[in-house]
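Trainee: What follows is a single structure, and I will ask about it in a moment.
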Amino acid sequence: MELRARVNAAVKQAMKDKASDRLSTLRLINAAIKDRDIAARADGNDAGVDEAEVLSILGKMVKQRRESAKTYEEGGRLDLAEREVAEVAVIEEFLPRALSDDEVAKAVDAAVSEIGAESIRDMGRVMGVLKSKYTGQMDFGAAGAKVKERLAG
């Protein structure tokens, strides 16, 4: 099932279950997707955003909420931190399974050999390959460090 359809089905189910916290998070997801659709239409893309772009949106939402939760914890606002963590759990339901460290290392090795990367200058191309294949499945900040380490060594 397409990601948007899964989110919309989850919205309907949350309404039936009267799960207000879950429903508000699902509505935030829909709003983020619609915002990006509108921006894409303004750029001349009438079809809106594709599945990979939706995964990217969800990944950014998770990253934002994790950072917020950390900030709230440091500030002693555990109630707000717990809410952010709960939102992360709902958003992650729609993301593919995250790759383990070993799988990320293998993906980096495969991307490096695929494009024949030899130096740190090729890092952008390697990251492009990783982003095209593994959007929503890995933290590209951590993957970037692994790529740099692999190309430097």
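Trainee: What spacing in nm lies between the two simple spin-label points modelled at GLN64 and ALA31, each 7 Å away from Cα in the Cβ direction?
Mentor: 0.9 nm
Trainee: How large a share of the accessible area of segment 109-153, in percent, is made up of carbon and sulfur atoms when the probe is 1.4 Å and the other protein chains stay in place? Please report the intermediate quantities before stating the final value.
Mentor: Working: 1290 of 2670 Å².
With neighbouring chains kept in place, the figure for segment 109-153 is 48 percent.
Trainee: Looking only at GLY59, GLY48, GLY75, which one moves most when the chain is put into a Gaussian network model with springs between Cα atoms under 10 Å?
Mentor: For the chain, modelled as a Gaussian network with Cα springs under 10 Å, the answer is GLY75.
Trainee: Per DSSP H run of at least 4 residues, take -39500 (n - 2.57); add these up for the chain, divide by its residues and hand me the 222 nm value, nearest 500 deg cm²/dmol.
Mentor: Dividing the helical sum by the residues of the chain leaves -25500 deg cm²/dmol.
Trainee: Using a 1.4 angstrom probe, figure out how much accessible area the chain has per residue, in square angstrom, rounded to the nearest whole.
Mentor: Value returned for the chain: 62 Å² of accessible area per residue.
Trainee: Related question: Of all alpha-carbon pairs in segment 37-113, indicate the percentage at a distance above 14 angstrom. Intermediate results must be reported in sequence, preceding the final value.
Mentor: Values: 2112 of 2926 pairs.
Tail of P(r) above 14 Å: 72 percent of Cα pairs.
Trainee: Convex hull volume of the Cα atoms in segment 86-144, per residue, in Å³?
Mentor: In segment 86-144, the Cα hull volume divided by residue count equals 83 Å³.
Trainee: Starting from segment 59-153, pick out the GluC sites (Glu not before Pro) whose DSSP state is loop and whose Cβ has at most 11 other Cβ atoms within 10 Å.
Mentor: GLU118
Trainee: Kindly provide the pair-distance distribution of the chain built from C-alpha pairs, with 5 Å bins from 0 and whole-percent values in order of increasing distance.
Mentor: 2, 9, 15, 16, 16, 15, 13, 9, 4, 1, 0, 0
Trainee: Moving to a separate point now. Can you spot the lysines whose alpha carbon is less than 29 Å from LYS146's alpha carbon? Ignore those fewer than 8 places along the same chain.
Mentor: Once the sequence-local lysines are set aside, what remains near LYS146 is LYS60, LYS63, LYS70, LYS106, LYS131, LYS133.
Trainee: Using each residue's phi in segment 25-36, evaluate 6.51 cos²θ - 1.76 cosθ + 1.60 at θ = phi - 60° and report the 3J(HN,Hα) Karplus result to the nearest Hz, with x for Gly and Pro.
Mentor: Rounded to whole hertz, the list is 5, 5, 5, 5, 4, 4, 5, 5, 5, 5, 4, 5.
Trainee: Rounded to the nearest 0.05, what FRET efficiency is calculated for SER24 and SER132 with R0 set to 41 Å and r the Cβ-Cβ distance?
Mentor: The value I calculate is 0.80.
Trainee: Same structure again: Gain in length, ASP109 to ARG125, computed as 0.36 nm per residue apart minus the alpha-carbon separation, to one decimal in nm?
Mentor: 4.4 nm
Trainee: How many times 2.2 N^0.38 Å is the alpha carbon radius of gyration of segment 48-92?
Mentor: 1.31
Trainee: Taking only the alpha-carbon atoms of segment 17-74, what semi-axes of the equivalent ellipsoid follow from 5 times the gyration tensor eigenvalues under a square root, in whole Å, largest first?
Mentor: Details: eigenvalues 131, 50, 15 Å².
That gives 26, 16, 9 Å for the three semi-axes.
Trainee: Can you compute the FRET efficiency between LYS148 and GLN13 using 1/(1 + (r/R0)^6), with r the Cβ-Cβ distance and R0 = 41 Å? Round to the nearest 0.05.
Mentor: According to the calculation, E is roughly 0.45.
The values are calculated or read from the model by the stated rules, or taken from the named source; none is laboratory data. Everything numeric here is computed off the predicted structure, so don't read it as measured data. A quick note on method: Cβ atoms are made from the backbone with ideal geometry, for glycine too, and the neighbour counts reach across all protein chains shown. We work out accessible area using only protein heavy atoms, side chains counted, and drop any ligands, DNA or RNA first. Shrake-Rupley method; radii C 1.70, N 1.55, O 1.52, S 1.80 Å.
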